[in-house]
Amino acid sequence: VVVHCAQHVKVKEAARLKSQAQRQEGNIISSDSASLASSSMPTFEEAIVSHAAASKGGGDAAPSCWICLDEGPDVSGRGLVRDCSCRGQSGHAHLSCLVAYAERMSAGHLGAGTRHIDTGKFCRAWSVCPNCRQSYERDLARSMAEECAKYVEAKHPGDHRFEAHAIHVRMRLDVRTSSKESHIRDAKRLIALVEMEKEEVRKSSAGEATTAEAFKHFELTAYDLLGLFAEHEGTKQSLREAVGHYEKCRDVYRSMGLEADVKHAEANIARARAKCGRSGGRGAASWAEEDDLDDRRKFHEEAVEEFGGSTRVAMVSLLRLAEGLIRAHCRVEAMRALEGLVVEARRKDGDGHPFTREVEECLAWCKKPRVVVRGRLRKRFWLLGRAGGKERYTVRGPIQPHGVSGDQKTFVVHVDQLRPTLGTVVICHGLEGSMAHLNGKLGDVRSREDGAHKYTVHFEDKNLEPYLVHPKNMIFVFQLPPKKERTAAR
């Protein structure tokens, strides 16, 4: 390790001095094909060796690009980026360096012509970090998708096959950073390009069928995405459109002989038809949130079964399930899921990873109870904690909508003045008679009984029936007790 570190320091210093000299002389490395073959850029294998040595070195050194080994910004003034699963000082790079490597790597997978593109490897060069083997995320994923489209347009203008590949890459990488309108536009364009390819295949010999097979995957991506957006819109018309999109997916799966996927598509069709039957033309609010929650739960179970619980797909699906649970006021189950997901994300990705931060932020928000204070109706307040006794709490508010500024005050109120909001996590206490067995039981508030000024609490212990509880018999929970100790500290 010491030898590797010493060698890395020498290589890094030499590269830094060389980079400075090039800047002074105006001899800047461009990202065209000539520069890709230039010996001024280390080979992929050399860069990986240097990166491995750097990751084993001391943590005091400033991060540097694992490709060009420079610590400063690139020639365009843009600094280092890192949105993958690399940790510590490793994994940082200039976007221009990543693009140059992606161009070099993807160019090697084009085969004899555009009909023989290795789609998986072509996409992987633009979507996966070669060090940690994890996908790029967020801003970096979007930037790489945009650069991929530029690369295709510059190198192969007017070629519908390359355009289809570029759009497919963008749809895969940019799924969480682009707008709904952008995705729909890409999906429709991709379908048009697929139809162009089908027409050419019909006019050509049977030997060209391999391209049509690859384009079937593009068609599936487009129709599945259009179906999801239409189903989420929830109107009677959009649900009919969703059924049509899912039927297209089923037909493509059937033509490929993928019976398991055919069943999945048929399940999507049945779900969309059921929602359409219940909608009555009343719009997106017509189908119950339980449907969305069931969909999220089923998708997560399928992701765990197919890919494994510690994979990115399963972890993201669990986060989406937790978000659905929060909207359905199932706060206890959501917090349990998020607590486990935080541990797994820190283990897999590290503390500073964007996904880890997203899960931590969701859990932190979920842990903050929101209450209503008597006399200040239609206003919600953050419940900060107890104020020196069991019957007095500190609150802050009122809570303002996102983007709205307003004065917030912190004050102390008696528990009799507080009313829980839906989703508030509570522990029952002070119940008597036949309900005494519910004392110390953990649950969340799901609904309100207006006439009785009581709230329906659903308990974490599924053997217990929901029960109407008065706020005076609730203890507000800020930190979940361990699951095996449900009657633990308040």
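The values are calculated or read from the model by the stated rules, or taken from the named source; none is laboratory data. Only a predicted model underlies this, so the values are computations on that prediction, with no experimental measurement involved. In this analysis, Cβ positions are derived from the backbone assuming ideal geometry, glycine residues included, and neighbour counts consider all displayed protein chains. The protein model used for the area step is the full one, side chains on, heavy atoms only, and it has no ligands, DNA or RNA in it. Shrake-Rupley method; radii C 1.70, N 1.55, O 1.52, S 1.80 Å.
Scan region 381-388 and tell me whether some residue there is surrounded by fewer than 16 Cβ atoms within 10 Å (Cβ to Cβ), of a type in the set (Gly, Ala, Ser) and touching a residue at least 60 places away in the same chain (Cβ under 8 Å). Can you show your working first?
The first filter runs over region 381-388 and keeps only residues surrounded by fewer than 16 Cβ atoms within 10 Å (Cβ to Cβ), leaving 385, 387-388.
Keeping just the survivors that are of a type in the set (Gly, Ala, Ser) gives 385, 387-388.
Of the ones still in play, those that are also touching a residue at least 60 places away in the same chain (Cβ under 8 Å) are 385.
Yes, that holds for at least one residue.
Looking only at region 336-348, decide whether some residue is more than 30 Å from GLN89 (Cα to Cα) and open to solvent by 40 Å² or more (accessible area, probe 1.4 Å).
Residues of region 336-348 more than 30 Å from GLN89 (Cα to Cα): 336-337.
With the extra rule that they be open to solvent by 40 Å² or more (accessible area, probe 1.4 Å), the set shrinks to 336.
Looking for residues that are more than 30 Å from GLN89 (Cα to Cα) and open to solvent by 40 Å² or more (accessible area, probe 1.4 Å), one finds at least one in region 336-348, hence yes.
Return the residue satisfying two criteria in turn: it lies in region 133-146 and is in a loop (DSSP other than H, G, I, E, B) and open to solvent by 30 Å² or more (accessible area, probe 1.4 Å), and of such residues it is nearest to HIS353 (Cα to Cα).
At the first step, the residues of region 133-146 found to be in a loop (DSSP other than H, G, I, E, B) are 133-134, 136-137.
Then keep just the ones that are open to solvent by 30 Å² or more (accessible area, probe 1.4 Å); that gives 133-134.
Numbers: ARG133: 15, GLN134: 12 Å.
Looking at residues that are in a loop (DSSP other than H, G, I, E, B) and open to solvent by 30 Å² or more (accessible area, probe 1.4 Å), I get GLN134.
Being under 22 Å from ALA334 (Cβ atoms), part of a strand (DSSP E or B) and open to solvent by 40 Å² or more (accessible area, probe 1.4 Å) is the filter here, so list the residues in region 456-468 that pass it.
Of region 456-468, the ones under 22 Å from ALA334 (Cβ atoms) are 456-467.
Okay, now just the ones that are also part of a strand (DSSP E or B), so 456-459, 467.
The answer is HIS458, TYR467.
Being modelled with pLDDT under 75 and over 26 Å from the mean Cα position of the chain (by Cα) is the requirement here; does SER205 meet it?
Values: modelled with pLDDT under 75: yes; over 26 Å from the mean Cα position of the chain (by Cα): yes.
Criteria met by SER205.
Residues SER96, SER106: which one is surrounded by fewer than 22 Cβ atoms within 10 Å (Cβ to Cβ) and either closer than 20 Å to GLN134 by Cβ or modelled with pLDDT of 85 or more (or both)? Steps first, answer last, please.
Values: SER106 fails: surrounded by fewer than 22 Cβ atoms within 10 Å (Cβ to Cβ).
Sole residue among the options that is surrounded by fewer than 22 Cβ atoms within 10 Å (Cβ to Cβ) and either closer than 20 Å to GLN134 by Cβ or modelled with pLDDT of 85 or more (or both): SER96.
What number of residues in region 290-338 are within 23 Å of ALA364 (Cβ to Cβ) and in a helix (DSSP H, G or I)?
The number of residues fulfilling the criteria is 26.
With the condition kept exactly as written, say whether any residue in region 354-366 is assigned to a loop (DSSP other than H, G, I, E, B), free of Cβ contacts under 8 Å to residues at least 24 places away in the same chain and of a type outside the set (S, T, N, Q).
Scanning region 354-366, I find no residue that is assigned to a loop (DSSP other than H, G, I, E, B), free of Cβ contacts under 8 Å to residues at least 24 places away in the same chain and of a type outside the set (S, T, N, Q), so the answer is no.
Can you find a residue in region 244-252 that is over 25 Å from the mean Cα position of the chain (by Cα) and at pLDDT below 85?
Going residue by residue through region 244-252, those that are over 25 Å from the mean Cα position of the chain (by Cα) are 244, 247-248, 250-252.
Restricting the remaining residues to those that are at pLDDT below 85 gives none.
Among the residues of region 244-252, not one is over 25 Å from the mean Cα position of the chain (by Cα) and at pLDDT below 85, which makes the answer no.
Restricting to strands (runs of 3 or more DSSP E) lying wholly in region 375-455: which have 3 or more residues that are aliphatic (A, V, I, L, M)? Walk me through it before giving the result.
Working: elements: 381-386, 392-397, 409-414, 418-420, 425-428, 442-449.
By residue number, 425-428.
Got a number for residues in region 165-184 being among the small types (Gly, Ala, Ser) and either open to solvent by 60 Å² or more (accessible area, probe 1.4 Å) or at pLDDT below 75 (or both)?
Going through region 165-184, the residues among the small types (Gly, Ala, Ser) turn out to be 166, 178-179, 182.
This time we only want the ones that are either open to solvent by 60 Å² or more (accessible area, probe 1.4 Å) or at pLDDT below 75 (or both), so: 178-179.
The number of residues fulfilling the criteria is 2.
Looking at region 422-434, is at least one residue at pLDDT 85 or above, open to solvent by 40 Å² or more (accessible area, probe 1.4 Å), hydroxyl-bearing (Ser, Thr, Tyr) and more than 19 Å from TRP365 (Cβ to Cβ)?
As a first pass, look at region 422-434 and keep what is at pLDDT 85 or above: 422-434.
If we keep only those that are open to solvent by 40 Å² or more (accessible area, probe 1.4 Å) too, we end up with 422, 429-430, 432-434.
Now narrow it down to the ones that are hydroxyl-bearing (Ser, Thr, Tyr): 434.
Next, only the ones that are more than 19 Å from TRP365 (Cβ to Cβ) stay: 434.
The answer is yes; a qualifying residue exists.
Any idea which residue in region 185-202 is modelled with the lowest pLDDT, counting only those that are of a type outside the set (Gly, Ala, Ser) and open to solvent by less than 40 Å² (accessible area, probe 1.4 Å)?
Here the residue is VAL201.
Go through the residues of region 394-411 one by one and say whether even a single one is within 30 Å of the chain's Cα centre (by Cα) and closer than 14 Å to PHE459 by Cβ. Lay out the reasoning, then the answer.
Taking region 394-411 first, the residues within 30 Å of the chain's Cα centre (by Cα) are 399-405.
Filter again for closer than 14 Å to PHE459 by Cβ, leaving none.
No, that holds for no residue.
So how many residues does region 443-485 have that are closer than 18 Å to GLY385 by Cα and of a type in the set (A, V, I, L, M, F, W, C)? Break it down into steps so the answer makes sense when it comes.
Initial filter on region 443-485 (closer than 18 Å to GLY385 by Cα): 444, 471-481.
Restricting the remaining residues to those that are of a type in the set (A, V, I, L, M, F, W, C) gives 474-478, 480.
Final tally of qualifying residues: 6.
Scan (1) open to solvent by less than 80 Å² (accessible area, probe 1.4 Å); (2) at negative phi; (3) not aromatic (Phe, Trp, Tyr) for the single condition ARG357 breaks and write down its number.
(1)
Can you spot a residue in region 155-164 that is buried (at least 18 other Cβ atoms within 10 Å of the Cβ), at pLDDT below 85, basic (Lys, Arg) and under 13 Å from ALA102 (Cα atoms)?
no
Quick one: would you say LEU363 is of a type in the set (A, V, I, L, M, F, W, C), under 38 Å from the mean Cα position of the chain (by Cα) and either over 15 Å from MET474 (Cβ atoms) or modelled with pLDDT of 90 or more (or both)?
Working: of a type in the set (A, V, I, L, M, F, W, C): yes; under 38 Å from the mean Cα position of the chain (by Cα): yes; either over 15 Å from MET474 (Cβ atoms) or modelled with pLDDT of 90 or more (or both): yes.
It is true that LEU363 is of a type in the set (A, V, I, L, M, F, W, C), under 38 Å from the mean Cα position of the chain (by Cα) and either over 15 Å from MET474 (Cβ atoms) or modelled with pLDDT of 90 or more (or both).
Of all the residues that make up region 308-319, how many are surrounded by fewer than 16 Cβ atoms within 10 Å (Cβ to Cβ) and at pLDDT 90 or above?
Going through region 308-319 one residue at a time, the tally reaches 0.
State which residue pairs qualify: first residue of a type in the set (A, V, I, L, M, F, W, C) and inside region 69-83, second residue assigned to a loop (DSSP other than H, G, I, E, B) in any location, beta carbons under 7 Å apart, and separation of 6 or more residues or different chains.
VAL75/ILE28; LEU80/PRO63; LEU80/CYS65; LEU80/HIS92
Within the group PRO482, PRO471, which residue is open to solvent by 50 Å² or more (accessible area, probe 1.4 Å) and modelled with pLDDT under 95? Let's see the steps before the verdict.
Numbers: PRO471 fails: open to solvent by 50 Å² or more (accessible area, probe 1.4 Å).
The unique qualifying residue is PRO482.
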